[in-house]
1. List the aspartates and glutamates whose alpha-carbon lies under 15 Å from that of K166, not counting same-chain residues fewer than 8 positions away?
2. Which length gain, in nm to one decimal place, applies between A82 and H198 when the Cα-Cα distance is subtracted from 0.36 nm times their residue separation?
3. With charges set only on the Cβ (+1 for Lys and Arg, -1 for Asp and Glu), what does the dipole of the chain come to about its Cα centre, in debye to the nearest 20?
4. Per q in 0.10, 0.17, 0.23 Å⁻¹, report the Debye log10 I(q)/I(0) for region 296-400, using one uniform scatterer on each alpha carbon and no solvent.
5. Express in nm, to one decimal, how much length is gained between L8 and T216 on full extension, taking 0.36 nm for each residue of separation and deducting their alpha carbon distance.
6. Relative to the compact globular guide of 2.2 N^0.38 Å, what is the alpha carbon radius of gyration of region 49-173, as a ratio?
7. Please compute the Cα-Cα pair-distance distribution of region 255-303 with 5 Å bins starting at 0, giving whole percents from short to long.
8. In region 1-96, how many lysine pairs have Cα atoms under 20 Å apart, counting only pairs 8 or more places apart or on different chains?
Amino acid sequence: MGFLSDALTRIKPSATIVVTQKARDLRASGRDVISLSVGEPDFDTPDNIKEAAIAAIRRGETKYPPVSGIPALREAIAKKFARENGLTYEPKQTIVGTGGKQVIYNALLATLNPGDEVIVPRPYWVSYPEMVSLCGGTPVFVETTLETGFKLQPADLEAVIGPRTKWLLLNSPSNPSGAGYSRAEMKALTDVLMKHPHVWVLTDDMYEHLVYGDFTFVTPAQVEPGLYERTLTMNGVSKSYAMTGWRIGYAAGPEHLIKAMDFVQGQQTSGAATISQWAAVEALNGPQDHLETFRKAFEARRDLVVSMLNQTSLLECPVPEGAFYVFPSCRRAIGMTAPSGKVIETDEDFVTELLETEGVAAVHGSAFGLGPNFRISYATSNALLEDACGRIQRFCNSLS
């Protein structure tokens with residue numbers, strides 16, 4: 001009998017973490033490396049949020065919090081959903097977790113039985129299928145294409161729903177593609193779900209405020225009120241408020257599901273850090289001026305990266321609606337030879353040779369379930385992005 005759990009054989013390491021660490025190691029060895037692999041805003045947490053945390057410390061808000069979150073934050077979450085999404089929740093219908101990942105994990109752990117299926121559109125955030133598998137469920141993948149903007153199509157959703165389907169896990173705007181669903185596109189999906197009352201929706205809205213041009217964010221229960229009783233709407237402060245290290249995610253949904261998630265969390269981590277929760281209260285209730293500053297900066301960076309990548313004949317890069325990622329196709333480079341003599345057979349080969357040759361770290365698309373593509377995070381300065389994209393152009397031009 002082995003010592004380690006068989007559950008570990010069902011999951012893979014996070015490719016984004018692996019690539020980011022490899023870039024750190026190369027930089028530490030003296031290499032000139034630009035890392036575009038990590039999904040983290042380069043902006044600092046706004047000062048009013050920091051000050052709220054300091055004030056909480058000085059008030060002595062340093063004890064164990066309630067498992068589901070401090071009352072002030074649960075009230076702020078309910079107000080946020082009403083104010084920004086037109087969704088009415090009581091504070092008791094909300095829950096706070098140590099990051100959005102824990103919120104999703106707790107929902108799956110509280111609801112999945114062996115054989116239960118979770119629909120996961122490709123490309124997906126690397127953790128989705130691994131969390132489903134760890135919780136005993138079965139991820140069911142649905143392909144999207146560059147031609148459809150990497151968006152799930154209603155007919156494809158309909159085709160994979162079966163008697164064991166329990167959840168659709170939907171991320172808009174998407175990590176890794178940046179694809180966002182318009183109201184009409186979201187309504188087409190919710191129309192399918194309305195025909196299958198046993199299927200719940202777990203929506204990851206973490207990039208809600210990072211949308212560009214005339215795109216307007218919507219979330220499923222907002223578009224189709226009939227889904228309210230079987231939707232868990234997840235969000236957090238990590239991306240929009242540059243609070244990745246504060247580790248606060250939250251969700252709202254039917255009270256019986258929230259109670260089940262509280263039950264799981266009570267035996268897992270208990271409540272999220274009290275000081276971080278008070279900072280999140282200020283994030284949700286306080287001034288929102290920085291959101292437009294962030295949004296404009298990211299939009300300019302998106303446009304820079306898309307333009308420069310599309311100047312390279314070997315790459316096809318669609319314009320994403322939101323988040324801070326692009327997901328270009330490198331299929332025209334497959335079969336070509338890198339300066340090292342290595343034949344590019346996969347998207348992983350492409351990003352490996354790009355890192356070794358030009359010192360640009362990106363994440364291969366197959367890690368997100370769809371290749372031959374690769375993900376670039378443009379959550380860094382314009383100067384670094386211009387340098388990195390120039391190196392990518394040079395690398396593509398070096399292939400033969």
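1. Qualifying aspartates and glutamates at Cα under 15 Å: D116, E117, E158, E229.
2. Values: separation 116, 0.36 × 116 = 41.76 nm, distance 2.61 nm.
Roughly 39.1 nm would be gained on extension.
3. About 660 debye.
4. Evaluating at q = 0.10, 0.17, 0.23 Å⁻¹ gives log10 I(q)/I(0) of -0.24, -0.70, -1.29.
5. 70.9 nm
6. Details: Rg = 18.3 Å, N = 125, 2.2 N^0.38 = 13.8 Å.
The value comes to 1.33.
7. Using 5 Å bins, I get a P(r) of 5, 15, 12, 14, 15, 11, 12, 11, 4, 0 for region 255-303.
8. Pairs that pass both the separation and distance tests number 5.
The values are calculated or read from the model by the stated rules, or taken from the named source; none is laboratory data. If you're wondering where the values come from, they're calculated on a predicted model, not measured in any experiment. Neighbour counts run over all protein chains shown; Cβ positions are idealised from the backbone, glycine included. These accessible areas exclude ligands, DNA and RNA; they are computed on the full protein's heavy atoms, side chains included. Shrake-Rupley method; radii C 1.70, N 1.55, O 1.52, S 1.80 Å.
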